[in-house]
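Let me begin by presenting the structure, written as structure tokens, before commenting on it.
Throughout, read-outs are computed from the coordinates displayed, never taken from laboratory work. All values derive from a computational prediction rather than experimental measurement. For neighbour counting, all protein chains shown are included, and Cβ atoms are generated from backbone atoms with ideal geometry for every residue, glycine included.
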Amino acid sequence: MEARAIQRTVRQSARKMRLVIDLIRGRAVPEADAILRFSKKRAARQIHKVLKSAVANAQQAAQRQNTPFDADQLRVKYAVVNEGQTLKRFTAAAMGRATPILKRTSHVEIHVASDAAPAPAAAAKAAPAVATNAQPKAKAKATPKKKAAAGKKKTQKKTKKASK
């Protein structure tokens, strides 16, 4: 069972929200819920809403398919925060100028999936390996550094002979 939830145009910068989303990526839903509930970051409240929505979406999908549902078996499979549209405002500055203010927004996307779905991974491991045609390696050419080193050795030999 997999479900997702997206919240768009959250009025906080994506950079600040990524600090919180990195804490929950790949964790079990109850653990992620506890982390977000007790986090002091403002972004945690918005991300917690999206996580609850994703779990509710998974529950609704399970109901539609008439399958058993346990929220404790879900994991945060995919969690990203992307930049949204930037609101551009201006404030007064010295000598009649205006200074821009960038009010950044972000989009939060969370996918949750149940743990009991390792069947596709097992099928991939059971598939036989396909032999590839290995090409013989080409002979390595001398690099400019090697050529320069060889040239120095020749000049050193000449200078030694000339000095004798």
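Here the label points at residue 49 and residue 116, each 7 Å from Cα along the C-beta direction, are separated by 3.3 nm in the simple model. Three principal axis extents of the stretch 2-115 based on alpha-carbon atoms, in descending order, are 68, 27, 16 Å. Can you work out the FRET efficiency for the pair residue 102 and residue 59, with r the C-beta to C-beta distance and R0 = 30 Å, to the nearest 0.05? For R0 = 30 Å, the calculated efficiency reads 0.20. Among 17, 95, 1, the order by Cβ neighbours within 10 angstrom, fewest to most, reads 95, 1, 17. Between residue 40 and residue 22, residue separation times 0.36 nm minus the direct Cα-Cα distance comes to 5.0 nm. Considering only alpha-carbon pairs that sit under 8 angstrom and 6 or more positions apart, the relative contact order computed for the stretch 2-115 is 43 percent. Taking amide H atoms as placed 1.01 Å from N in the peptide plane, the amide H of residue 79 lies under 5 Å from those of 111, each 5 or more residues away in sequence or on another chain. Length gained on full extension, residue 83 to residue 2, computed as 0.36 nm times the residue gap minus the Cα-Cα distance: 26.7 nm. Quick one: net charge of residue 88's neighbours, Cβ under 15 Å, K/R +1, D/E -1? Net charge in that neighbourhood comes out at +3. In this simple spin-label approximation, residue 70 and residue 31 carry label points 7 Å from Cα along the Cα→Cβ vector, and these lie 1.7 nm apart. Remark: for residue pairs 49/77; 52/77; 77/103; 41/103; 49/88, the C-alpha separation exceeds 22 Å in 77/103; 49/88.
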